[in-house]
1. Assign unit charges at the C-beta atoms only (+1 for Lys and Arg, -1 for Asp and Glu), then state the dipole size of the chain relative to its Cα centre in Debye, rounded to the nearest 20.
2. Mind giving me the nanometre distance, one decimal, between the label points for Ile50 and Ala92, set 7 Å out from Cα along Cα→Cβ?
3. Helix 57-69 sits at what angle to the longest principal axis of the chain, using alpha carbons and giving 0 to 90 degrees rounded to 10?
4. How large is log10 of I(q)/I(0) for the chain at q = 0.20 Å⁻¹ when the intensity is taken from the Debye formula with one equal scatterer per alpha-carbon?
5. Scan the chain and hand back the longest stretch that contains none of the trypsin sites (Lys or Arg not before Pro) lying in DSSP loops with at most 14 other Cβ atoms within 10 Å.
6. What distance in nm lies between label points placed 7 Å from Cα along the C-beta direction at Arg141 and Met77?
7. Quick one: of the DSSP bridges fully inside the chain, what percent are antiparallel, nearest 5?
8. Give me the extension gain from Lys123 to Ser39: residue separation times 0.36 nm, minus the current Cα-Cα distance, reported in nm with one decimal.
Amino acid sequence: MLVYILKFFSKLLFIESPPLFSVAALIEKGGKLLFLNLSYQKGLGLPGGIVQEGETLEETLKREVLEETGLKVTKSMYFSSVIGSYKGIPTASVVFLADTLGKLKSSEEGELVWMRPKDAIGKLFYKDSATAVVEKYIAFRQG
């Protein structure tokens, strides 16, 4: 509801709303990527989430991956960024390749599933942004 109110007033006042910043992790094992079968939407997503005030992108990555997967990020490297929108709100997401340690543990965000990237393409919830990232990852691994 708050999202719609902010969207209404920003349009009413001719103010562009700033994008929501988020991070996502590409966690690979044996040629497969780790996805969340989202509990709040129909489809798959990458581990990650919204940057909180005072956090760096790397801190957000570590927090979100731990919360959603039970894994600790030990190393991360910038992979890509993607611009999109969610319910009319602009988004900017920074995607990292991430090395992790620990035992997988699903969360309220969804069940964890390892899947070959090409098999996940048609099952992603965030169609534009996540699909672009996964396709770029496939090209990266092939090239």
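What follows is calculated from the coordinates using simple rules that are stated; it is not laboratory data. None of these values were measured; they are calculated from a predicted model. Counting neighbours? That spans all protein chains shown, and the Cβs are built from the backbone with ideal geometry, glycine included.
1. Numbers: 18 positive and 16 negative charges, 97 e Å.
Taking the Cα centre of the chain as origin, the dipole is about 460 debye.
2. That separation, rounded to one decimal, is 1.7 nm.
3. 60 degrees
4. Evaluating at q = 0.20 Å⁻¹ gives log10 I(q)/I(0) of -1.26.
5. 43-86
6. In this crude spin-label approximation the distance works out to 1.5 nm.
7. Looking only at bridges with both residues in the chain, the antiparallel portion is about 75 percent.
8. Working: separation 84, 0.36 × 84 = 30.24 nm, distance 1.38 nm.
Extra length available between Lys123 and Ser39 comes to 28.9 nm.
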